[in-house]
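What follows is a single structure, written as structure tokens, with notes after it.
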Amino acid sequence: MAPGLDDIDWTAPWLSPWRAQGEAVAHRVLAGVAQPDALNQAAVAPVCFVPQSELPAGMAYEKYIFDVGRVPTRDGLHDFFNGLVWHSFPLTKKRLNQLQATQIARTGIQPERGPARDGLTVFDENAALLQAPDALWQALVAKDWQRVFVDLRPLWVQARLVLFGHALMEKLVFPRKSITAHVYRVCSAGHALADMDAWLAHDLHADKLASKPFAHLPVLGVPGWWLGNEAPAFYDDVSVFRPPKTSGRVPSQFIPECP
């Protein structure tokens, strides 16, 4: 039995987009089905999930996936959520894998990943996808927490935040106030996951991700996501809602305009 799957609270608001499929897969694993097999039974991913032992010694994980279309999968929450993301964002995951494989082919496996591979890893592991009005996005980028969560709080009804990073979802199985996502702005016309997936697969490029075009968001601050954040004082905790390191103009690459 994969450890941790029985700790998932599928009623958590951040898991709403993942519940229908994820809960069914978790039930299979908890009933004794091997985790790779349980993920394969959903039969919606463009890859096959296999035990971690199938990864050849000395071969990069990303290159193996790119070469053979098989995802080495360990038991536990981390690879469980990774499998779910492959199911719901197949085009984006294939694009990320292509970009990762290209970087590995270009530079090899180095002690440090370099800006592009680092940006790809951050996105894959810890991204959250945000569709939101310009004012809300700009305040988030500026880390103007009072404006993001108090002054502009009514705008959150026009926003949608979807977790993408599987490590981020893993951490939120045991939620704590300090858990912070790297937020990527999505300008897809539709709110369906398939619409976001198609848009991201076209939008993601190594150079763009190397520039770290992310805003930081302590996710339990999202209205409706955590008991107690209705009180403005919730956001006064500067150890979590940290002020920007420097004041002044926000770099333009962090404020993409949506049509």
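The values are calculated or read from the model by the stated rules, or taken from the named source; none is laboratory data. All values reported here derive from a predicted model rather than from experimental measurement. Note that we place each Cβ from the backbone using ideal geometry, even for glycine, and neighbour counts take in every protein chain shown. Quick note on the areas: whole protein, heavy atoms, side chains included, nothing else; ligands and nucleic acids left out. Shrake-Rupley method; radii C 1.70, N 1.55, O 1.52, S 1.80 Å.
Mind checking which residues of segment 9-24 are assigned to a loop (DSSP other than H, G, I, E, B), out of contact with any Leu (no Cβ under 8 Å at 6 or more places or on another chain) and open to solvent by 30 Å² or more (accessible area, probe 1.4 Å)?
11
Yes/no matrix, rows are residues, columns are (1) open to solvent by less than 10 Å² (accessible area, probe 1.4 Å); (2) in a helix (DSSP H, G or I); (3) touching a His at 6+ places or on another chain (Cβ under 9 Å):
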| position | (1), (2), (3) |
| --- | --- |
| 129 | yes, no, no |
| 137 | yes, yes, no |
| 143 | no, no, yes |
| 148 | yes, yes, no |
| 154 | no, yes, no |
| 157 | no, yes, no |
| 161 | no, no, no |
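Residue by residue through segment 163-196, note down the ones that are under 23 Å from residue 136 (Cβ atoms) and surrounded by fewer than 20 Cβ atoms within 10 Å (Cβ to Cβ).
175, 177, 178, 179, 180, 187, 189, 190, 191, 192, 193, 195
Can you run down the residue pairs with Cβ atoms below 6 Å, 6 or more apart or on separate chains, where the first is in segment 63-80 and touching a residue at least 60 places away in the same chain (Cβ under 8 Å) and the partner is surrounded by 18 or more Cβ atoms within 10 Å (Cβ to Cβ) and assigned to a loop (DSSP other than H, G, I, E, B)?
75/2; 76/2
Applying the selection to segment 178-192, what residues are at pLDDT 95 or above and of a type outside the set (Ser, Thr, Tyr)?
179, 181, 182, 183, 185, 186
Among the residues of segment 25-83, how many are under 18 Å from residue 170 (Cα atoms) and open to solvent by 70 Å² or more (accessible area, probe 1.4 Å)?
Counting residues in segment 25-83 that are under 18 Å from residue 170 (Cα atoms) and open to solvent by 70 Å² or more (accessible area, probe 1.4 Å) gives 3.
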